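Okay, so here's the structure we're looking at.
The values are calculated or read from the model by the stated rules, or taken from the named source; none is laboratory data. Since we're looking at a predicted model, the values are computed, not measured. Cβ placement follows ideal geometry from the backbone for every residue including glycine, while neighbour counts extend to all protein chains displayed.
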């Protein structure tokens, strides 16, 4: 088996586990909220805390991989994620559950970015788009299996069992990494930016926590606003620090590269929109339309089926039209597809819902393939670790912001409409908002050259 196929499949074990975990928990949130005595919207903290773990530790993943080796770091990350999963399974309070999800985030912070570094260093640049497609295809099985499996376990057994699934997958991933992945270290280790780590960790943590608790369910909105503002100051302090630091934790100077800038900044807006879907869609189907967790999960998994179908034709589309055209038109179609989720009512047939959700998986998957591939198009080999750290931080925080913004929109929509409990009519404004975020990425991608990233896609631009 060629390394272009073998290495992505090994890393896909980690992505499969992470993607399945995210989708499994999404269909279980109403049951989780009931057992923990919380409002279902409050359980957005279970998703946000994971993102906080990612945001805090992703910035040092490149340094850790260079210092201790890619294989060692990758295996340790899988082990930490597995321990967090076990703690989630035995938790009995919101605090313990959120802390366990944070620990999972610490593992995920090292697991996925380091996996991408492994692929980049093992696969020739000309085969990188193909390798990423191989990587994405098995990882899409997580979203396919996760929603119906999580719904089935929650409906007929207990939500705690959904976290036990990660244990055998983790063991398999560690075994394969030990056998086939090289333990590569950097020839010259750059110093760790400890000041930058503290500023970014404090800033991102308080920023995300303050924003997610702005609804006043757990703490006063005033204190949540104070946390949010302190977080903003911390992030601003990091920006000033990074401009003076010769080896900053997150090197913002990489944003001067057009393809990388479009991938990171334009992609962040798109991911805010899509990040809300795994949280909002199952919640709207269960709480809004009264479906069982299993029924909601079966509909939600159609999104992953659409994503898998896209992988079979995505390379050909990119070769014909190029990154710029695909990113612009696909963002518009994805925004329309996501917004249409808000049109679901109790009288909407399951067939129609599945068809719409299928499209809502196809177009975003195409966008992700473009954004993730294009990020590496013009990078030097020496910049890969730093670029991966920066891109991964922005990506994950964007997904977490999507969950937070989606939850807050539903909360305020319910209040404005005078509803004492969440009903179906409270969700459509949230789906409109996330659709608009996806469309808002277009101005960034429009600035790309028509032949941007052509070395990776083989696209030959024909001047008008």
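Descriptive notes on the structure:
- Index of the failed condition, residue 22 passing every other in (1) modelled with pLDDT of 80 or more; (2) surrounded by fewer than 24 Cβ atoms within 10 Å (Cβ to Cβ); (3) within 20 Å of residue 396 (Cα to Cα): (1)
- Scanning the range 183-191 turns up no residue that is farther than 19 Å from residue 98 by Cβ, surrounded by fewer than 20 Cβ atoms within 10 Å (Cβ to Cβ), at pLDDT 85 or above and touching a helix residue (DSSP H, G or I) at 6+ places or on another chain (Cβ under 8 Å).
- Candidates 36, 15, 9 - the one that is over 14 Å from residue 282 (Cβ atoms), surrounded by fewer than 23 Cβ atoms within 10 Å (Cβ to Cβ), at pLDDT below 80 and touching a helix residue (DSSP H, G or I) at 6+ places or on another chain (Cβ under 9 Å): 9
- Of all residues in the range 420-437 being assigned to a loop (DSSP other than H, G, I, E, B) and in contact with a helix residue (DSSP H, G or I) (Cβ under 6 Å, 6 or more places away or on another chain), the one that is surrounded by the fewest Cβ atoms within 10 Å (Cβ to Cβ): 422
- Of all residues in the range 337-350, those that are in a helix (DSSP H, G or I), exposed (fewer than 15 other Cβ atoms within 10 Å of the Cβ) and touching a residue at least 60 places away in the same chain (Cβ under 8 Å) total 1.
- Only listed residue being free of Cβ contacts under 8 Å to residues at least 60 places away in the same chain, more than 30 Å from residue 198 (Cβ to Cβ) and assigned to a helix (DSSP H, G or I), chosen from 33, 46: 33
- Candidates 129, 98, 114 - the one that is within 18 Å of residue 386 (Cβ to Cβ) and either modelled with pLDDT under 90 or out of contact with any helix residue (DSSP H, G or I) (no Cβ under 9 Å at 6 or more places or on another chain) (or both): 114
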